[in-house]
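The values are calculated or read from the model by the stated rules, or taken from the named source; none is laboratory data. Every value quoted in this text rests on a predicted model; they were computed, and no experiment measured them. Cβ: placed from backbone, ideal geometry, glycine included. Neighbour counts: every protein chain shown. Just the protein is used for accessible areas: all its heavy atoms, side chains included, with ligands, DNA and RNA removed. Shrake-Rupley method; radii C 1.70, N 1.55, O 1.52, S 1.80 Å.
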Amino acid sequence: MATAPILSDWVYCNKTLNGARLSALLLNEGTHVIRRYFDSQFPPSTLQKILNNTKNTKTFNYLLKKTKVLNQRQYDLLYPPTGAIPSSANFDITLLILLIRNLCGLHPPNWSGWNQTPQPNDKSLVADLIRLKQFRNELYGHIVTTEISDAQFTQYWSDISDVLIRLGSKQSDIEKYKIQSLDPMARVEALIRLIELCREDLYFYEHAIIGKYEDMEKNLISKIEDKRHEIDAGEKFAEELRIHYKDKMNWMEPVPWCEDGFQLQLQDVYTQLEFSERNEQGVEIKGVDFQQCLSQDNPTHRILVEGQPGGGKSTLLRKLALDWANGTKPMLRYDLVVLLELRQITKPGTITDLIFDQLLPEDSNIGKQNLHNYLTKHQHNVLILLDGADELNESFNSYIMKIVEGKILRDSTVIITSRSTSRGQLIPHVQKKVIIKGFSNKNINLYIQRFFNNNELWKDIEERDIESFASNPLNLALICVLYKDCKGMLPTKLSELYYLLIICAYKRYCLKNNICNPSDISIKDCPEFINLILRLGEMAYNGIKEDKFRFEKDILKHHNISDSDLSVGLLNQEYSTARIQYQQIYVFQHKTFQEFLAAYYLHTYMNTIGNECIDSVIKSTAFCTVCEFLAGLLGRDGVLFLYRVIHNIKSVTNIYSDLYDRLLCLAFISLHELQTNQLVAEVAQAIVHNNILHITCLPSADRYNAAFSSGLTSVIKYCNKSSITLESVEVMYLHSNFSEFLNELLGCKHLQSIDLTVDGSDIHKIVLFLRNKSLIHACIFSMTESHDDVLSICDLLSNPDVNTPSLSLFVTVKSMHKIPHNIRLRNSLHSLFLWADNFGLTHKLLTQIQGGIDCPYLTSLGVIVDDEISDDICYMMANILTNNTCINKLFFDNSIVSCPKADKALCKALQESLYLSIKNMVKVKQI
């Protein structure tokens with residue numbers, strides 16, 4: 001046996017062992033007891049959710065990047081880069097105390113703070129946490145030697161033990177660190193015995209170690225191979241997608257019954273759409289650049305694109321996929337762009353299953369698991385396009401909603417499209433809500449030139465005053481086809497457009513099959529045609545009722561639809577995506593064609609289907625567009641239909657519901673179609689509740705603006721002439737004939753309040769209206785697009801001829817403009833409420849108003865801020881309160897004061913305002 005070293009040469013003396021024992025006590029027992037407390041406050045099952053809270057994420061980013069209190073290693077434990085679930089088992093004593101400080105809402109006692117030594121008699125949880133942190137720094141965090149004298153050891157041991165016992169440690173667990181032997185001679189003897197054992201089994205250990213390293217090498221090679229397969233799958237998939245998009249997405253067929261080969265390249269005819277955005281306050285911001293949503297600096301992961309039927313939602317996603325395939329900015333930032341048509345989902349499955357069903361060829365050699373791994377590990381570089389939430393069968397809704405909610409692929413960017421009437425369940429889960437507004441007049445003309453070079457069509461559209469529904473991309477494409485095919489024929493309304501197109505399709509069918517002279521065909525004289533569209537209409541109606549937009553051959557047979565009927569071109573054959581059981585699938589050219597034929601079917605049997613059936617159709621969201629077509633088809637025969645609509649309006653108790661909005665739409669469309677004032681009284685009596693006329697964001701306002709405008713104006717005109725009293729008018733959509741609308745409001749004798757959404761260019765009309773009409777309150781939602789718009793807002797605040805005492809302004813800012821100096825509030829203003837999505841406007845307004853806010857009648861002031869209140873604003877509000885003691889109501893919302901000095905100044909002003917009533921007061925930021 002080898003000779004043991006001499007004790008005097010042993011590096012571990014008693015003083016060193018004292019330090020080792022204390023360090024072990026702190027490191028092991030101290031960390032254990034703090035972790036136990038932390039887990040009791042934040043159980044492991046909820047820890048990730050708590051850390052991912054927006055406020056906490058901002059806090060820890062601030063501590064990492066600004067104060068450097070948190071280092072990168074600790075931050076990675078909280079938010080593992082691999083996407084793993086964080087565990088407190090990996091947190092050391094320093095990180096645990098930092099988390100408790102920032103998550104538990106604990107505050108230092110009445111002394112200097114977290115970094116000062118607690119008072120000896122303070123036995124609180126906070127004080128003990130601070131003591132443990134200081135012990136850690138003294139014993140092994142900030143030391144130059146591990147030696148601790150016996151006297152120091154005794155004192156430290158006593159102090160640390162007292163703290164640990166108060167925090168929940170057992171005395172027996174503490175004592176084992178003190179009594180367990182650390183004798184160096186015993187350690188040496190044990191080591192010598194271990195060496196002797198190793199010599200005896202040297203052969204065994206040698207091969208065990210070699211085997212271990214061989215296993216490690218195999219595992220490493222296997223992981224490298226898996227990674228290579230995963231990357232290969234991603235690259236192969238990207239290449240397959242590019243081929244698919246270039247082959248399938250670049251061609252458009254406006255209508256299937258045109259000449260063979262009549263297709264248009266998407267890149268050639270695609271015309272820029274107009275977009276707006278709905279913010280959290282519900283205000284619609286026009287002129288949004290959709291490309292910015294996809295920029296690398298934009299952290300938005302879930303985007304809803306909503307629009308009217310045929311508004312260009314699907315074409316937009318096809319264009320994005322094609323741009324990626326062609327390497328066009330900003331799509332280059334994505335490694336993969338996955339476009340899925342939700343209507344094609346016919347069976348449950350994962351996103352990998354959907355990709356294999358819809359996008360990959362049957363002979364693809366890409367492995368599902370490798371593709372799944374690639375999508376999971378490269379989420380940040382994947383864009384998922386989900387087209388047609390309104391066409392998704394309810395049976396398969398749950399999995400798609402998991403993607404939208406971020407439960408699956410949460411770090412991928414997801415864009416999902418839906419009709420405005422079907423967006424309800426999507427709204428809570430998206431960060432950005434973009435609305436397709438269709439084409440501007442300039443782009444309508446541009447599209448016509450790209451479709452076919454014809455200057456006459458645009459002139460005819462202007463003369464017929466049908467720009468409102470020609471701005472819809474699908475409608476415009478159909479108008480172009482009809483105009484070209486029927487030698488200059490143009491519809492006057494949407495239902496007529498589809499009606500004429502279907503006649504056009506049948507005439508082409510007759511000509512091609514030598515059935516008769518197409519010019520001799522009329523609907524009344526062609527029972528075969530009537531019979532065909534009624535059979536198709538019945539199938540279309542049943543399909544919508546059953547949430548079905550794809551039809552198997554058996555369903556066609558059930559409705560007696562033959563192969564010759566299919567030759568007319570109203571149904572397209574679509575290849576089934578099923579790989580095992582292939583079947584023929586048929587779909588209408590567009591969902592709106594199915595809806596029109598369903599409306600035609602209902603229109604034909606209107607007098608026989610009964611009120612109960614009509615009511616169920618009117619109330620159903622699925623039949624919203626069907627009902628709009630139905631009102632158009634009924635025309636002047638739609639009295640019965642309008643009465644059913646009015647009956648259902650009266651039965652709705654919540655005038656702020658989506659159902660009420662849809663019914664109001666139908667009432668105005670029907671009134672417009674009937675072209676008579678005899679039923680205006682019925683509509684007026686149905687929609688004026690408690691002297692309030694409320695019209696919110698109507699789902700079809702863009703397509704039927706003329707109908708809404710004339711209907712609304714007619715209702716107000718009737719109220720002025722009748723005994724119906726109007727005290728408040730709330731209209732939350734942009735009126736096409738705003739001047740006429742305001743003129744009618746002037747005649748409302750009892751009107752006290754207006755709540756209007758207006759174009760920025762119409763604000764000056766509001767000022768003129770209020771100069772001639774004394775109201776109690778006016779609430780205006782608008783967007784400033786020019787310097788004149790900003791001047792109109794200032795005029796609304798300062799014009800002495802405006803006598804409205806209460807004013808609320810919700811303003812979105814397309815671009816900043818110079819604001820006049822020395823805006824002085826008019827003396828008649830008692831209450832002022834300001835909000836702007838660009839806080840610069842609010843800042844500028846308050847800056848200029850500050851000097852003139854000494855009017856003695858201003859008693860209420862409100863400011864909504866989406867982000868932190870700047871120091872200037874905080875001081876400004878303090879000065880306003882100090883200098884204007886008449887203000888007794890203050891409203892702040894969603895506001896955080898980040899500057900302590902500014903906060904103190906504001907708090908002092910609030911304390912001195914003895915009569916001040918505060919709602920949603922500012923919150924002081926805690927870091």
| message | Just to verify a number: FRET efficiency for Asn326 and Ser786, C-beta to C-beta distance, R0 = 25 Å, to 0.05? | response | 0.10
| remark: Phe741 neighbourhood, Cβ < 12 Å, K/R = +1, D/E = -1, net charge -1
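Accessible area per residue, 1.4 Å probe, Å², for segment 398-451: what's the number? Numbers along the way, then the final one.
Values: 2120 Å² over 54 residues.
For segment 398-451, the per-residue accessible area is 39 Å².
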| message | If R₀ is 60 angstrom, what is the calculated FRET efficiency for the pair Phe396 and Asn737, using the beta carbon separation as r and rounding to 0.05? | response | 0.85
| query | At a probe radius of 1.4 Å, what is the per-residue accessible area of Glu362, in Å² to the nearest 10? | reply | 140
| said: I'd like the FRET efficiency for Thr621 and Ser723, computed as 1/(1 + (r/R0)^6) with the beta carbon distance as r and R0 of 45 Å, rounded to 0.05. | reply: 0.80
| query | Over all distinct Cα pairs, what is the inverse of the mean 1/r for segment 596-750, reported as the Kirkwood hydrodynamic radius in Å? | reply | 15.6
| request: Once you have the Kirkwood Rh of segment 302-345 from its Cα pairs, apply Stokes-Einstein at 10 °C and 1.306 mPa s and quote D in µm²/s. | output: 136
| request: Leaving ligands, DNA and RNA out of it, report the carbon-plus-sulfur percent of the accessible area of segment 374-500 at a 1.4 Å probe. | output: 44
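Assign unit charges at the C-beta atoms only (+1 for Lys and Arg, -1 for Asp and Glu), then state the dipole size of segment 412-552 relative to its Cα centre in Debye, rounded to the nearest 20. Mind dumping the intermediate values first?
Working: 20 positive and 15 negative charges, 118 e Å.
In debye, rounded to 20, segment 412-552 gives about 560.
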| query | Given the protein chains as shown and a 1.4 Å probe, how many square angstrom of Tyr62 are accessible, to the nearest 10? | reply | 90
